[in-house]
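Accompanying notes for the structure given below.
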Amino acid sequence: MTDGRFASSTRDIPEVPAVPRHIAIIMDGNGRWARKRFMPRVAGHARGLEAVRTVVKACVERGVEYLTLFAFSSENWRRPADEVSFLMQLFMRALHKEVARLDHNGIRLRVIGDMSRFDPELVRVIRESEEKTAGNTRLTLCVAANYGGRWDIANAVSQLMRTHPERRDGFSEEELTGALSMSFAPEPDLFIRTGGEKRISNFMLWQLAYTELYFTDALWPDFDAAALDEAIASYQGRERRFGRTSEQLVARGLPQSERPHA
Ligand code: IPE
Ligand code: IPE
Ligand code: MG
């Protein structure tokens, strides 16, 4: 277990829930969605926020416990300044507008990523929103903003070196996992990327070690509850072996969700 609560996919054999306990999504394709309609790219981001609302609601209804959304990568600063600034404003507006509703629906909000480059006012609103919803237990909605998987790992190592200056023989996987920004959540069971690209784009590099990967051509603003169900159905058809053989899973009489599918 990483911090006494969550199994590590490389150290333990985690349980395989029928409904993914943790879903992580790269919400891609907003720009193309808008361009197809001869609209500016940013109109796609605005519609993308509506898809976020739909998917959060669908996850609550399906009993998903953790939903992590990649909203802005550490590489997205390379975009045109006006698009970056629109995204920051959209984030701020969404926090102002949605947090009361999240709270009302029992949703805990967490934001991960390097906040040092954000406007201090945005950081203040983020922290306030996290505090307001900290006691909620129905779903943890984790938004990755100015997040990069490499940043996360490098940051965790730096943090461990600061807290253990005496250490000469390095750190264990468990220690590193515990120092990552997602240490409050189990590893994702299901990863979804919309928009057709088949890459990880520096998302949760460490935690995706044994996550089931699902790629769809659907553009993020078009992704809805039915599309989520398709992704979950695909996940349910997978055999999660965590290094073992199919025969071992059958021999152990594992529950249906963990058995090989013919
Ligand atoms: C994803 O959509 C949203 C962010 C990266 C913020 P894109 O903006 O990358 O959309 P495409 O890939 O250009 O269509
Ligand atoms: C990944 O999408 C980041 C987010 C969805 C926030 P990108 O559109 O930035 O990814 P690349 O550049 O195509 O790999
Ligand atoms: Mg993209």
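The values are calculated or read from the model by the stated rules, or taken from the named source; none is laboratory data. Predicted model, so just to flag it, every value in this text is computed and none were measured. Positions of Cβ are backbone-derived with ideal geometry, glycine not excepted, and every protein chain shown enters the neighbour counts.
With the structure loaded, tell me whether residue 106 is under 20 Å from the mean Cα position of the chain (by Cα), on the phi > 0 side of the Ramachandran plot, more than 13 Å from ligand 2 (Cβ to nearest atom) and among the small types (Gly, Ala, Ser) or whether it fails that test. Yes: the conditions hold for residue 106. Filtering region 1-50 to residues that are of a type outside the set (A, V, I, L, M, F, W, C) and within 12 Å of ligand 3 (Cβ to nearest atom) leaves 28, 29, 30, 31, 32, 35, 41, 44, 45, 48.
When every residue of region 20-36 is checked against the conditions, at least one turns out to be of a type in the set (Val, Ile, Thr) and away from ligand 2 (no atom under 14 Å from the Cβ). In region 181-212, of all residues being over 21 Å from residue 110 (Cβ atoms), in a loop (DSSP other than H, G, I, E, B) and touching a strand residue (DSSP E or B) at 6+ places or on another chain (Cβ under 9 Å), the one that is farthest from ligand 3 (Cβ to nearest atom) corresponds to 198. The single condition among (1) among the small types (Gly, Ala, Ser); (2) in contact with a helix residue (DSSP H, G or I) (Cβ under 6 Å, 6 or more places away or on another chain); (3) without any contact (Cβ under 8 Å) to a residue 24 or more places away in the chain that residue 172 does not satisfy is (2). Scanning region 7-49 for residues that are at pLDDT below 95, surrounded by fewer than 20 Cβ atoms within 10 Å (Cβ to Cβ) and of a type in the set (A, V, I, L, M, F, W, C) yields 7, 13, 18.
Sub-9 Å Cβ pairs linking a first residue in region 73-99 that is outside any helix (DSSP H, G or I) to a second residue that is away from ligand 2 (no atom under 13 Å from the Cβ), at least 6 apart or interchain, are 74/114; 74/117; 74/150; 74/151, ordered by first then second residue. Can you pull out every residue in region 116-153 that is in a loop (DSSP other than H, G, I, E, B) and either in contact with a Gly (Cβ under 8 Å, 6 or more places away or on another chain) or crowded, with 17+ Cβ neighbours inside 10 Å (or both)? Once the filter is applied, which keeps residues that are in a loop (DSSP other than H, G, I, E, B) and either in contact with a Gly (Cβ under 8 Å, 6 or more places away or on another chain) or crowded, with 17+ Cβ neighbours inside 10 Å (or both), region 116-153 yields 118, 136, 137, 138, 148. Each residue in region 24-38 was checked for being near ligand 1 (Cβ under 7 Å from one of its atoms) and free of Cβ contacts under 8 Å to residues at least 60 places away in the same chain, and 1 pass.
Picking from residues in region 213-244 that are assigned to a loop (DSSP other than H, G, I, E, B) and in contact (Cβ under 8 Å) with a residue 60 or more places away in the chain, the one that is nearest to residue 44 (Cα to Cα) is 219. All conditions in (1) crowded, with 19+ Cβ neighbours inside 10 Å; (2) β-branched (Val, Ile, Thr); (3) more than 12 Å from ligand 1 (Cβ to nearest atom) hold for residue 52, with the sole exception of (3). Please determine whether any residue of region 186-207 is surrounded by fewer than 18 Cβ atoms within 10 Å (Cβ to Cβ) and within 24 Å of residue 19 (Cβ to Cβ). Checking region 186-207: at least one residue is surrounded by fewer than 18 Cβ atoms within 10 Å (Cβ to Cβ) and within 24 Å of residue 19 (Cβ to Cβ). Scanning region 51-90 for residues that are under 16 Å from the mean Cα position of the chain (by Cα) and within 16 Å of ligand 3 (Cβ to nearest atom) yields 51, 52, 69, 70, 71, 72, 73, 74.
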